[in-house]
């Protein structure tokens, strides 16, 4: 997927920033948003057109599985990794 837009979600800022920073150097990755909890991730899934969601399963608010279920229903073209 050349230049595929990604959405990153993890409640640990260190992990989130490290993952985002490592992906920024890849020319075929475009990080559109970094989210720190389930609610923020759900909001981003409905407002941003991403191809891939990289998701932590244990997050405050809505956990990763709930987010995955809702994002999968609202965005059929998004692939998810957890």
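Values for this structure:
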read-out: The listed residue being crowded, with 17+ Cβ neighbours inside 10 Å and modelled with pLDDT of 80 or more, out of 48, 54; value: 54
read-out: Test for residue 71: is it under 13 Å from the mean Cα position of the chain (by Cα), at pLDDT below 85 and assigned to a helix (DSSP H, G or I); value: yes
read-out: Residue 32 vs. criteria free of Cβ contacts under 8 Å to residues at least 40 places away in the same chain and in contact with a strand residue (DSSP E or B) (Cβ under 6 Å, 6 or more places away or on another chain); value: yes
read-out: Members of the stretch 1-28 found to be surrounded by 12 or more Cβ atoms within 10 Å (Cβ to Cβ), part of a helix (DSSP H, G or I) and modelled with pLDDT of 80 or more, listed by number; value: 15, 16, 17, 18, 19, 20
read-out: Flag if residue 43 is surrounded by fewer than 16 Cβ atoms within 10 Å (Cβ to Cβ) and in a loop (DSSP other than H, G, I, E, B); value: no
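The values are calculated or read from the model by the stated rules, or taken from the named source; none is laboratory data. Note that the structure is predicted; figures quoted are calculated from it, not measured. Don't worry about glycine lacking a Cβ; one is built from the backbone with ideal geometry, like all the others, and counts go over all protein chains shown.
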